[in-house]
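Below is one structure, written out as structure tokens; comments come after it.
Just so it is clear, none of the values below were taken in a lab; they were calculated from the coordinates. Fair warning: this is a prediction, and the values are worked out from it, not measured in the lab. Don't worry about glycine lacking a Cβ; one is built from the backbone with ideal geometry, like all the others, and counts go over all protein chains shown.
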Amino acid sequence: MPEVSKVKQRARREQGASQAKTHLRGRLRSYFSHHSSTARDSLNRLMATPYATAMTWFVIGIALALPVGLSLILSNAESASDGWDSGAQVSVFLHKRIQEQDGRGLATRLAQRADVVSTRYISAEQALEEFQQLSGFGNVLRNLDSNPLPALIIVIPASSVGMVATEALVADLQAITEVQNVVLDLAWVQRLYSLMEISRRVVLALGLMLALGVLLVIGNTIRLAIESRRDEVVIIKLVGGSDAFVRRPFLYTGFWYGAGGALIAWLLIGLALIWVSGPLASLSALYQSSFSIHGLGFAGGVLLLLAGGCLGLFGAWLAVARHLAEIQPR
């Protein structure tokens with residue numbers, strides 16, 4: 001008899017565990033089903049007023065497209081300038097009293113430095129000949145009594161040394177007695193990088209301000225939606241609906257506003273890139289460059305959609321948290 005009792009107790013426990021699992025599974029199924037139906041209903045409500053919804057989407061899309069487009073331009077500029085610092089060269093101008101043999105010997109010694117890849121000696125005569133070909137003043141230069149150009153050595157620093165080591169190399173070259181002047185041909189690249197850093201911070205500040213504008217637009221839109229459905233909210237609260245139940249459709253509405261605006265922003269950026277791709281290709285061909293502008297891509301577009309949806313969700317949550325508490329059944 002005790003064994004039979006134990007078997008019955010074990011059967012009851014197994015039956016209770018099975019019922020608990022079934023009950024939990026049913027609750028989860030009901031939870032996700034309600035979320036799915038709420039999301040569809042929120043989207044259908046937006047599609048019921050296509051003109052107003054499209055206007056809101058375009059406002060949000062333009063606000064998102066501006067910072068994202070500017071950031072994309074900076075990204076393309078950075079990719080185009082990759083390797084410019086590694087192509088730096090240092091022009092070492094020698095005193096005119098230095099003989100060609102001594103100048104070539106100095107170029108050989110400089111090439112043996114660990115921070116130098118190679119050197120090239122250009123005599124005064126070669127410098128004058130190159131200047132005549134490039135400047136277009138060949139006839140004028142031939143009438144000069146003497147060659148005004150000095151000999152120079154082109155020094156190519158190692159790409160792995162960095163800008164600090166390159167500037168130290170310039171200081172060492174300037175201290176050589178045979179050297180009259182040293183010019184680092186990378187100064188303009190440094191100025192360009194400084195301008196790009198300033199532009200990056202300006203884009204970030206603009207993006208933050210426009211994101212705040214998107215939050216305000218979505219918050220105001222959700223506030224109007226709450227006011228238009230005040231009676232419905234009151235009835236739901238009267239029958240015992242929780243705040244989460246009442247809040248859920250408005251959160252999905254904010255999500256759809258943000259995701260739709262992000263989709264509009266993605267389309268606007270794509271159209272803008274198509275518009276400028278033709279002139280950019282012509283410009284690259286003139287400079288014999290293979291540079292081509294790149295867009296957001298699929299991953300970037302999906303990330304933009306998620307960011308827009310999260311931004312809309314957050315804006316809706318702020319509006320609902322403030323205005324929904326003011327609606328109470330009497």
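Here are some notes:
- Rg and Dmax [Cα atoms of the range 200-268; Å; Rg one decimal, Dmax integer]: 16.0, 53
- Net length available on complete extension from ARG120 to PHE58 is 16.5 nm, with 0.36 nm assigned per residue and the Cα-Cα distance removed.
- Distance between the pseudo-spin-label points of ILE235 and SER30 (7 Å out from Cα toward the beta carbon): 2.2 nm.
- Label point 7 Å beyond Cα of SER75 along Cβ direction - residues of the range 207-247 with amide nitrogen under 17 Å: 207-208
- Inter-label distance, nm, simple model (7 Å from Cα along the C-beta direction), ALA168/ILE274: 5.3 nm
- 18 Å cut-off, amide nitrogen to a point 7 angstrom out along ALA48 Cα→Cβ, residues in the range 242-275: 246-257
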